[in-house]
Amino acid sequence: MDARLLAAVEAFDAETAGDLVEDGADPDRPLPDGSTPLSRAVASGSPGLVSALLGAEPRLRLPPAERERLLALARRWYEAGAEAGLRRLTGATGAAETVRVEDPEFLFVEEIALDGRTVRGGHGAILTMLERRFVLPTPPGELVARAARTDPYHADWGESSWTLGERRGDPAWRALLTHRHHPSPRHRLFLADHLRCEGVTTAHTEARQREADRLLAAWAAEETEPEVLAMVLQALATADDGRPEGLVAHARHPDRRVREAAAGCLLMWRRPHPPAALAALAALARDDDAGVRAAAATAIGAVGVHADETRRLLLALADDPDPSARAEATRALACSGDAHPLVTDALWNLLSEEDQDLRLDGAFGLARLDDPRAPEAYDRVGRLEEKFHEDLRAGFLLRRAWAASSAGDGPGAVPR
C-alpha cells in the first residue's frame, strides 16, 4: 500500500492518495532518503496532494519538529519558484516545458517538466495551507501578497482567499480593507474578488456585509484599472443595496470586461427597474462584443423577464448570431417561467434547431410551464447525447415523463 501511495504522489493523483491514506497508508512513514510521502507531496507543488495527505488533525499528529520541517520545505520551494527549484534539484540548464493544469477542484497551477522531472507551482497555496492547518496565523498582508503573484484562478490565490475568509476577527478584516488603496492593481483585484466570493457565500456578518457594500459602491465610482473595476462590479452585483443610476456610465466603458460586469449590476436592486438602467442594458444587449451580449442575457434571466422591455431584449438575444450569447438567452427563456405567448412560441421554435442543447432548452421551458405541447417536445428533443444524461434539464424532463406515464396520460419516457 505504501508503494501505491508513493506512486500516487509521483503521478499527482490526489484522489487515489487520499483513498489510500483513509485505508491505512502512512503519509508520515520515513523513507530511505529521509523524506516522507507527505514531504514529497509538499515538494511536488500540488496543493491537492498535500490536502489529501494532511488528514483531519495534522497539528496533533505531527510533532513540532516535523511541522517546522514541512513549513521550511514549502517556504524554500515557494521563495525560489517552482522552475528554479526544479533546476536546483536536477542541475538541468535546458528549456523547461510549462503547462497550466487543474490541481485542487476548480483551481489551477503551473506544471513544469525538466530533465525527466515534474513539479507543480502551487507551493504558495501549500505554505498557506500548512500554516492554517498548523494554526499559525499568517499576516493578512502576506496572504494578499502571495495571491497577488498569481491570478484569481490559481491555487495560491484561492488558498489565500479561503484562509482570510476563515479569519473573522476585526483586525484581519481591517488589514484586508487597507488594500482597497494599494498601489498595485493586483492587490486591489484580490480584495475585490475576495469581497465578491464572501458576498456569494454570505460569509460576512450582516454589519460587515453592509460595510463591504458601501465600500464597493464608492470604489466603483473611483477605480480606473479596467480589470479591477470589472471585479468590483461583479462583487457589487451581490450587494443588498446599491445605486444603479451611478453604474449606468460603466455600461459605456471602452473595456468590454467592465461592460460585461456592468450588465450584472443594472437591474439588481429596484422594482420597477429604473428607465436609465433598462436603457443601458438594452445597449449592452446590442453590444459589438458577444461576451457582453451574453452577460446581458444572463442578467435579464437572473431578475426575470416578465416585463415587456426585458422580454423583448431576451427574445432578440435568442436569435443572436453568436452561439454563446444565444445559448445564454435561450437558457434564460427556458428558466424564466414566463408564459407569455411570444416566449412559449420562441421555446417551441427551438425544437427545430440542429443543436440538441437548444432543443433541450425549448423542451425544458415548455415542461416547466405545463404547456400542452410539452409531450411532443419530449419526443423532439431526441435521444439524449451522453453529455446531457446528468443535466438538470434532462432530469426534469425524465421526471415529467415518468409522472405522465404513471398517470396514463402522456409519453412513457424521454428518448435516451
Could you identify which residue out of P375, P171, P274 has the top mean-square fluctuation in a GNM of the chain using Cα springs shorter than 10 Å? P171
Normalised convex hull volume, region 1-158, alpha-carbon set, Å³ per residue: 110 Å³
How many percent of all Cα-Cα pairs in region 243-338 sit more than 14 Å apart? 58 percent
For the chain, what is the Kirkwood hydrodynamic radius in Å, using each pair of distinct C-alpha atoms? 24.5 Å
For region 129-210, the spread of Cα positions along each principal axis, largest first, Å: 31, 30, 21
Charge tally for neighbours of R186 with beta carbon under 13 Å away, counting Lys, Arg as +1 and Asp, Glu as -1, is -2
In nm, the gap between the two label points placed 7 Å beyond Cα toward Cβ at E376 and E142 is 6.9 nm
Amide H within-cut-off set for L384, under 5 Å, with H built and near neighbours excluded: R416
Name the residue, out of G169, G45, G81, whose mean-square fluctuation peaks in a Gaussian network model built on the chain with Cα pairs under 10 Å. G169
What is the distance in Å between the Cα centroid of region 74-119 and that of region 1-23? 20 Å
Would you work out which of T298, P272, A261 lies farthest towards the positive end of the dipole of region 243-338, given +1 charges on the beta-carbon of Lys and Arg and -1 on that of Asp and Glu, about the Cα centre? P272
Using helices alone, I'd like the mean residue ellipticity at 222 nm for the chain: each DSSP H run of four-plus residues gives -39500 (n - 2.57), total over residue count, nearest 500. -18500 deg cm²/dmol
Picking from H181, T238, A346, whose Cα lies most toward the positive end of the charge dipole for the chain (charges on Cβ: Lys, Arg +1; Asp, Glu -1)? H181
For G264, what residues show an amide H to amide H distance below 5 Å, using hydrogens built from the backbone and excluding near sequence neighbours? none
Given a Förster distance of 41 Å, report the FRET efficiency between E309 and E166 from their Cβ-Cβ distance, rounded to the nearest 0.05. 0.45
Let me check against my output: what whole-number percent is the relative contact order of region 223-368, with C-alpha pairs under 8 Å and at least 6 apart? 16 percent
Once you've got the GNM for the chain with C-alpha springs shorter than 10 Å, pick whichever of R132, R87, R146 has the biggest mean-square fluctuation. R87
Using a Förster distance of 25 angstrom, determine the FRET efficiency expected from the C-beta separation of E68 and A92, and round it to 0.05. 0.25
Unit charges on C-beta of K, R, D, E only; dipole of the chain, Debye: 1040 debye
Averaging sequence separations of C-alpha pairs under 8 Å and six or more residues apart, then dividing by the length of region 165-239, give the relative contact order as a whole percent. 36 percent
Relative contact order of region 87-200 (C-alpha contacts under 8 Å, at least 6 apart) in percent is 19 percent
Give a residue-ordered list of calculated ³J(HN,Hα) values for region 288-302 (Karplus: 6.51 cos²θ - 1.76 cosθ + 1.60, θ = phi - 60°; whole Hz; x for Gly, Pro). 5, 8, 5, x, 5, 4, 5, 5, 4, 4, 4, 5, 5, x, 5
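Could you pull out the trypsin sites (Lys or Arg not before Pro) across region 309-383 that fall in loop regions by DSSP (anything but H, G, I, E, B) with no more than 15 other Cβ atoms inside 10 Å?
Here the sparse-neighbourhood loop sites are R383.
Where a number appears in this text, it was derived from the coordinates with a stated rule and is not lab data. Since we're looking at a predicted model, the values are computed, not measured. Note that we place each Cβ from the backbone using ideal geometry, even for glycine, and neighbour counts take in every protein chain shown.
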